[in-house]
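Encoded as structure tokens, the structure appears first; notes follow it.
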């Protein structure tokens, strides 16, 4: 995630399908797509572009949803769902365990609903806590940001409705 400048609270971020040396030492890696999202990333990365690297047909980030602490979204589910035994000597023990909703491992996630499909990203809270916090606050509209052109202050959800520009970047 790259800040637009001092005190702007605006930011852009990159979703890449491969490493980019030009981003190293300049930007913080703060999340990773799940395996099923990789196909959506590939689709977006391969849309036709003009000579300025702008997509010919807009790819829009319709909405960002934050799933805080997926481990808190756990629910009890029976492992064995059998009717009551017909014979009392065949008493089957019902066992329960915790299973994450949507199959997510513990952690905080961002779900990007785009015009090309859904991208689910596990955010690296431990490795990049400040960047993740800023991203979440901007995505949820709980942090004030300044529009880079009009200089108007806003607490709207920064990323909802934004288009992907250039080399798979949200700005």
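Structure summary
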| quantity | calculated |
| --- | --- |
| Protection proxy ranking of 112-119, 13-20 - average other beta-carbon atoms within 10 Å, highest first | 112-119, 13-20 |
| Two-site FRET efficiency, residue 29 against residue 50, from Cβ-Cβ distance with R₀ of 41 Å, rounded to 0.05 | 0.90 |
| Spin-label pair residue 63/residue 36, simplified geometry with 7 Å Cα→Cβ offset, distance in nm | 1.8 |
| Pairwise label distance in nanometres, residue 156 with residue 21, each label 7 Å out on the Cα-Cβ vector | 4.0 |
| Ranked by how many other beta carbons lie within 10 Å on average, peptides 152-162, 41-51, 137-147 from highest | 137-147, 152-162, 41-51 |
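Readers should treat all values here as calculations from the given coordinates under stated rules, not as data from a laboratory. None of the values given here were measured: they were computed from a predicted structure. Please note: Cβ atoms are built from the backbone with ideal geometry, for glycine as well, and neighbour counts cover all protein chains shown.
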